[in-house]
1. Quick one: which of 214, 302 is modelled with pLDDT of 85 or more and open to solvent by less than 10 Å² (accessible area, probe 1.4 Å)?
2. Which residue, of 176, 171, is crowded, with 22+ Cβ neighbours inside 10 Å, in contact with a His (Cβ under 7 Å, 6 or more places away or on another chain) and part of a helix (DSSP H, G or I)?
3. Which condition number in (1) in contact (Cβ under 8 Å) with a residue 24 or more places away in the chain; (2) open to solvent by 10 Å² or more (accessible area, probe 1.4 Å); (3) on the phi > 0 side of the Ramachandran plot is the one that residue 257 fails?
4. Looking for whichever is aliphatic (A, V, I, L, M), surrounded by fewer than 24 Cβ atoms within 10 Å (Cβ to Cβ) and without any contact (Cβ under 8 Å) to a residue 12 or more places away in the chain here; the options are 143, 219. Which one fits?
5. Those residues that are open to solvent by 50 Å² or more (accessible area, probe 1.4 Å), under 21 Å from residue 154 (Cα atoms) and touching a Lys or Arg at 6+ places or on another chain (Cβ under 9 Å), I need them from region 108-123; list them, please.
6. For the condition within 19 Å of the chain's Cα centre (by Cα) and either of a type in the set (Phe, Trp, Tyr) or open to solvent by 20 Å² or more (accessible area, probe 1.4 Å) (or both), what is the one hit in 163, 157?
7. For region 304-345, enumerate the residues that are among the basic types (Lys, Arg) and in a helix (DSSP H, G or I).
8. Which pairs turn up if I take residues in region 120-133 that are under 14 Å from residue 183 (Cα atoms) and at pLDDT 95 or above and look for partners that are open to solvent by less than 10 Å² (accessible area, probe 1.4 Å) and in a strand (DSSP E or B) with beta carbon separation below 8 Å, at least 6 apart in sequence or on another chain?
Amino acid sequence: MLCKLHPNGFHFFFLVTSFRSWKENHATCVVHHPLQFIMWIFGRKGESGFSASSTAEEVTAGINGSGLTAIVTGATSGIGVETARVLALRGVHVIMAVRNTRRGLEVKETILKSIPDAKVDVLELDLSSMSSVRDFAAKFCSLRLSLHILINNAGVLSPQFKLSKEEIELHFATNHLGHFLLTNLLLETMKTTSYEQKTEGRIISVSSEGHRLTYNGSLSCYIKNESSYNSAYAYGLSKLANILHANELARLLKEEGVNVTANSLHPGFIDTELFRGHSIFAVICNKILRYIIKDVSQGAATTCYLALNPKVKGVSGEYFSDCNLAKPSSRAKDQELAKELWELSLGLTSSK
């Protein structure tokens, strides 16, 4: 690794790892479709009316979110902060679910300085700990609040092999299992809110184009196995799981006839000063990649679009990029794999 990764700059990692794995992965790279690259360069808008250069404020302009409550995980840095800020700007009551509550309170104060009437609260949540996830859900439910929007945004990227408190590989435990358990624990509240208020609930999972670069074979083979550990593949597996989880959840909700949608997204490659002050290779990368790099206001756009924009009403089980429908990998669309992951995740979280 060239330098310490910004908490919301994980996606940049694959700009490096994709080059490393180019031969064995058949030229897997971050700009998967040439048309997406062209749309970025020229700022061309997709069917939604928005493009890669659209900002979170632009995609929510004119939308009144008053009366809505949203939970945003990982809201202390990067696109998590911007997501919380823009939702608050639109009148949404934002619950910042964060591991570092001191930092969370600082972000809250910053939001209140620019939006004095914002409704923002901070609750502690460590997604790598199932007991913390359960505590958070219990605290939230005790507040007797409605829940309209759940944004599973938080994530980790670790170069070293690490296990969670429940002895599960850290990427899988935090990026997927923590959110899987959180979603399940809050789902009844979302269903009740949707039914009683005649509104659509929305569950949004922040994935990554990095989901294309991961292990082959059974998902369960890699969640505790240090000998086969590869940090890029482990992260990619957790991002693949984000999409599969959203897809299977969407299928189950549709089957149940519940007015709650579930979608996943790639936020883009975010400007986090990842390579600043490092090698000549890093400088060259910055020169080349600056044309496809987003700032946080653009990086949070697709999340905010899925959270509030009426254009995606009723849309569920889809993958988005740049506020438009996108095509994930074939594995991400595998319904049997999604069911396998669901059962695996239920087993891993049921007794923890």
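The values are calculated or read from the model by the stated rules, or taken from the named source; none is laboratory data. The structure displayed is predicted, hence computed values, not measured ones. Cβ coordinates were reconstructed from backbone atoms using ideal geometry, including for glycine residues, and neighbour counts include every protein chain displayed. Please note that ligands, DNA and RNA were not included when accessible areas were found on the heavy atoms of the full protein model with its side chains. Shrake-Rupley method; radii C 1.70, N 1.55, O 1.52, S 1.80 Å.
1. Numbers: 214 fails: open to solvent by less than 10 Å² (accessible area, probe 1.4 Å).
Only one candidate passes the filter, namely 302.
2. Values: 171 fails: in contact with a His (Cβ under 7 Å, 6 or more places away or on another chain).
Result of the check over 176, 171: 176.
3. (1)
4. The match here is 143.
5. Let us first name the residues in region 108-123 that are open to solvent by 50 Å² or more (accessible area, probe 1.4 Å), namely 109-110, 113-114, 116-117, 119, 121.
Narrowing the set further to residues that are under 21 Å from residue 154 (Cα atoms) leaves 109-110, 119, 121.
Result: 110, 121.
6. Values: 163 fails: within 19 Å of the chain's Cα centre (by Cα).
From the options 163, 157, the qualifying one is 157.
7. Step one: filter region 304-345 for residues among the basic types (Lys, Arg), giving 311, 313, 327, 331, 333, 339.
Selection gives 311, 331, 333, 339.
8. 125/73; 125/97; 125/98; 127/73
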